[in-house]
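The values are calculated or read from the model by the stated rules, or taken from the named source; none is laboratory data. Fair warning: this is a prediction, and the values are worked out from it, not measured in the lab. Backbone-built Cβ (ideal geometry, glycine too); neighbour counts: all protein chains shown.
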Amino acid sequence: MGHLYVMMGKSATGKDHIYRDLLAQCDLKPVVIYTTRPMRDGETEGVQYHFVSREALFALEEAGKVIERRTYDTVYGPWDYFTVDDGQIQFDGSDYLIIATLEAYAKLKEYFGEAFVRPIYIETEDGLRLEHAMKREKKQNPPKYEEMCRRFLADQEDFSEEKLLALGITKRYENNGTLEDCVARIREELFK
């Protein structure tokens, strides 16, 4: 039996870097989710996300393929993030890794069953997160500082302690030191 490991955490906690390192160091298959938001500089279709139109999203929903969906009302209009039952996940003994939100984690557990879905919660001190977010946003052309701030503030509510505990997420992997230390702790505890 394989598992779906769901990596979660507030924005700018290093999830993308940890995700890449775990995929490179462990026997895990990536799960690429879908989004209707514009592609950022340096992103590649099918690597970070599948970038689709809202019309494509609606067609997938109509076909019953969307497992979970989140829509954010950004300063640039609605951006959707969603997981599709597109054959990427097959519990045939393989382990999978996905980056998601708490809401998505709950829906994935409901869809696939609690026995198959495992959380990996990444936590970073807020000041450090804000530094990471600002550094990342400065590289964008043009930078979207308003959206960065909206996400930072929304994360306080989205990842509240009450919501974490309601989903049974008590284990935290702190990413306040080096990225390598955080990845090593996850590997040691989950992928021995």
Quiz item: Among the residues of the stretch 136-192, how many are assigned to a loop (DSSP other than H, G, I, E, B) and of a type in the set (Phe, Trp, Tyr)?
Solution: 2
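Determine whether the stretch 60-76 contains at least one residue that is more than 17 Å from the chain's Cα centre (by Cα), among the aromatic types (Phe, Trp, Tyr), surrounded by fewer than 19 Cβ atoms within 10 Å (Cβ to Cβ) and closer than 23 Å to residue 132 by Cα. Talk me through it step by step, then tell me what you get.
Restricting attention to the stretch 60-76, the residues satisfying the condition of being more than 17 Å from the chain's Cα centre (by Cα) are 60-65, 73-76.
Keeping just the survivors that are among the aromatic types (Phe, Trp, Tyr) gives 76.
Those left that are additionally surrounded by fewer than 19 Cβ atoms within 10 Å (Cβ to Cβ): 76.
So of that shortlist, the ones also closer than 23 Å to residue 132 by Cα come out as 76.
The answer is yes, given that some residue of the stretch 60-76 is more than 17 Å from the chain's Cα centre (by Cα), among the aromatic types (Phe, Trp, Tyr), surrounded by fewer than 19 Cβ atoms within 10 Å (Cβ to Cβ) and closer than 23 Å to residue 132 by Cα.
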Quiz item: Restricting the search to the stretch 12-32, which residues are surrounded by 19 or more Cβ atoms within 10 Å (Cβ to Cβ) and in a loop (DSSP other than H, G, I, E, B)?
Solution: 12, 13, 14, 31
Quiz prompt | Scan of the stretch 111-143 for residues that are touching an Asp or Glu at 6+ places or on another chain (Cβ under 6 Å) and modelled with pLDDT of 95 or more, ordered by number | solution = 123
Exercise. Report, by residue number, each residue of the stretch 145-172 that is at pLDDT 90 or above, acidic (Asp, Glu) and surrounded by 14 or more Cβ atoms within 10 Å (Cβ to Cβ).
Key: 155, 158
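Just to check your reading of the model, which residue among 105, 121, 111, 96 is touching a residue at least 12 places away in the same chain (Cβ under 8 Å), part of a helix (DSSP H, G or I) and closer than 22 Å to residue 174 by Cα?
Working: 121 fails: part of a helix (DSSP H, G or I); 111 fails: closer than 22 Å to residue 174 by Cα; 96 fails: part of a helix (DSSP H, G or I).
The unique qualifying residue is 105.
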